[in-house]
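The block underneath contains the structure these notes are about, expressed in structure tokens.
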Amino acid sequence: MKYRMIIQDMKESGDANVLAFLKDAEKIKPMSKRERDYCLQNRYRPESVQKLVEEFIPYIIWVAYTFGDNAKMLTVLDLISEGILGAYDAFSKSAKDGLLTRRRVCNAIKARIKRAIAKEESEKMEIYSIEECILREDDQMDDDGILKVVKTLI
């Protein structure tokens, strides 16, 4: 899906938080090549990293929206914030080892979003497993403390 269509779809959702985020995202101006080169050379400075991450906001929105169907409990804004954290991670790691490519930043964004979805799924499974193990009043146990009949949740 095209970026403009995604933005339009997000605006139509009517969520005040989404609208506020999109309003702020629209204010971000693209950097010139000269500014980008300066920020890349000074990645150890927080304001440079912030500007570089802001350059990836459209990509982060696109990835978060794409993976949004996979996340049951997380909103698109949750995934966007995870993507932003992934971009910050990529720039902070590159400041240490010096190697930075656009692909590395994009992979860090995707990985962080996928990790958030996977964590949500695993937490959901843990909750389901705990609920399944709770004894009910009509459950019967034998002398060894083992349930005689295993019931499933429907």
Worksheet item: Which value, in debye to the nearest 20, gives the size of the charge dipole of region 55-119 about its Cα centre, when Lys and Arg are +1 and Asp and Glu are -1 at the Cβ?
Response: 260 debye
Discussion item. Test of understanding: what is the full-extension gain from GLU123 to GLU35, defined as 0.36 nm times their sequence separation minus their Cα-Cα distance?
Written reply: 27.5 nm
Worksheet item: Structure shown: which of LYS72/LYS119; LYS11/LYS114; LYS51/LYS93; LYS2/LYS110; LYS23/LYS93; LYS51/LYS72 lie over 21 Å apart, alpha-carbon to alpha-carbon?
Response: LYS11/LYS114; LYS23/LYS93; LYS51/LYS72
Discussion item. Using +1 at the C-beta of Lys and Arg and -1 at the C-beta of Asp and Glu, which of GLN41, ILE28, ILE109 has the Cα lying farthest in the positive direction of the dipole of region 12-120?
Written reply: GLN41
Worksheet entry | Mean Cα-pair separation over length for region 1-65, i.e. relative contact order, pairs under 8 Å, 6 or more apart, % | 33 percent
Worksheet item: Residue-wise, which Karplus ³J(HN,Hα) couplings in Hz belong to region 34-50, taking 6.51 cos²θ - 1.76 cosθ + 1.60, θ = phi - 60°, and x for glycine or proline?
Response: 5, 5, 4, 4, 4, 5, 5, 6, 10, 5, 6, 8, x, 5, 5, 5, 4
Worksheet item: What is the dipole size for region 1-104, taken about its Cα centre, with +1 at each Lys and Arg Cβ and -1 at each Asp and Glu Cβ, in debye to the nearest 20?
Response: 540 debye
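A short reminder: the numbers here are calculations on the coordinates, not readings from a lab. Nothing here was measured: the structure is a model prediction, and the numbers come from that model. When we count neighbours, we look across all protein chains shown, and the Cβ atoms used for this are built from the backbone with ideal geometry, even at glycine.
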